[in-house]
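Down below is the structure, laid out as structure tokens.
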Amino acid sequence: MIRIEAKNVIFREVQQPRQPLLWIIVLSIAAFTWYGFIRQVILGLPFGNKPSSNAVLIIIWMIFGIAFPIMMLKWTKLILEVQEDGLYIRFTPFHFHYKKFLYKDMESYKSINYSPFKRFGGWGVRVNFKGEMGYIMSGKQGIELTLKYQTVVISTYKPDEIIKEMDTFQKSNL
């Protein structure tokens with residue numbers, strides 16, 4: 001994929017899901033659809049009291065038994081990049097382009113420890129009752145950006161390194 005707006009990437013971090021509960025849920029759903037598929041389509045035994053047609057079961061199996069687990073556990077990632085003009089993030093496969101938070105729009109930023117459940121109700125792209133936006137992949141560390149128009153929290157494994165790199169370039173963009 002080519003990014004037309006590419007600047008010099010100073011720091012890059014790629015996060016993938018680590019939560020055991022997420023793995024258990026996704027793989028349990030996949031296992032259940034595999035069981036239904038094998039039982040009804042392969043062995044010819046009806047799956048459930050009111051079994052659906054084989055075509056419907058095959059579609060459900062393809063979506064929840066194959067595509068969904070691959071998408072959630074393989075392709076889902078949060079990419080953070082510190083560039084010369086700001087912080088760029090992309091939550092794949094949900095964002096098609098990088099979301100940019102430019103230094104000129106930031107009032108402040110800081111490293112924080114927080115609870116994704118208490119502050120945002122969980123992981124993913126979230127908005128809480130205060131109107132704060134969260135891009136949360138895993139962990140309890142992050143960066144809080146206070147922008148001119150809202151507050152944004154981004155999870156990160158290395159908040160101090162990101163802050164250090166942002167400090168270097170933020171001062172030169174004033």
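The values are calculated or read from the model by the stated rules, or taken from the named source; none is laboratory data. Note that this is a predicted model, so its numbers are computed, not measured. Glycine gets a Cβ as well: all are built from the backbone with ideal geometry, and neighbour counts include every protein chain shown.
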Problem set entry | Complete set of residues in segment 36-53 that are loosely packed, with under 15 Cβ neighbours inside 10 Å and either assigned by TED's automatic domain parsing to the domain that holds MET137 or in contact (Cβ under 8 Å) with a residue 12 or more places away in the chain (or both) | GLY48
Seminar exercise, completed: Flagged pairs (Cβ under 6 angstrom, 6 or more apart or on separate chains; first in segment 145-156, without any contact (Cβ under 8 Å) to a residue 60 or more places away in the chain; second surrounded by 13 or more Cβ atoms within 10 Å (Cβ to Cβ) and in a loop (DSSP other than H, G, I, E, B)) are THR151/GLU132
For this session: Looking only at segment 24-47, count how many residues are among the polar types (S, T, N, Q) and in contact with a Leu (Cβ under 6 Å, 6 or more places away or on another chain).
Result: 1
Exercise. Between a first residue in segment 57-76 that is of a type in the set (S, T, N, Q) and a second residue that is at pLDDT below 85, which pairs have beta carbons less than 6 Å apart while being 6 or more apart in sequence or on different chains?
Worked result: THR76/PRO17
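Considering only residues of segment 1-26 that are assigned to a helix (DSSP H, G or I), surrounded by 14 or more Cβ atoms within 10 Å (Cβ to Cβ) and of a type in the set (A, V, I, L, M), which is modelled with the lowest pLDDT?
Of everything passing the filter in segment 1-26, LEU22 is modelled with the lowest pLDDT.
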Exercise. What number of residues within segment 37-53 are within 16 Å of PHE64 (Cβ to Cβ) and out of contact with any Ser or Thr (no Cβ under 9 Å at 6 or more places or on another chain)?
Worked result: 7
Problem set entry | Hits in segment 131-159 (condition: modelled with pLDDT of 90 or more and among the charged types (D, E, K, R)) | GLU132, GLU144, LYS158
Seminar exercise, completed: Selection from segment 142-152 of residues among the aliphatic types (A, V, I, L, M) and surrounded by fewer than 21 Cβ atoms within 10 Å (Cβ to Cβ) yields LEU147
Problem set entry | The listed residue being under 16 Å from the mean Cα position of the chain (by Cα) and under 18 Å from PRO159 (Cα atoms), out of TRP123, TRP75 | TRP123
Exercise. Does ALA31 satisfy the criteria of being closer than 28 Å to PHE94 by Cβ, more than 17 Å from the chain's Cα centre (by Cα) and not assigned by TED's automatic domain parsing to the domain that holds GLY124?
Worked result: yes
Seminar exercise, completed: Counting only strands (runs of 3 or more DSSP E) entirely within segment 55-141, those with at least 1 residues that are surrounded by 18 or more Cβ atoms within 10 Å (Cβ to Cβ) and hydroxyl-bearing (Ser, Thr, Tyr) are 86-92, 106-113, 133-136
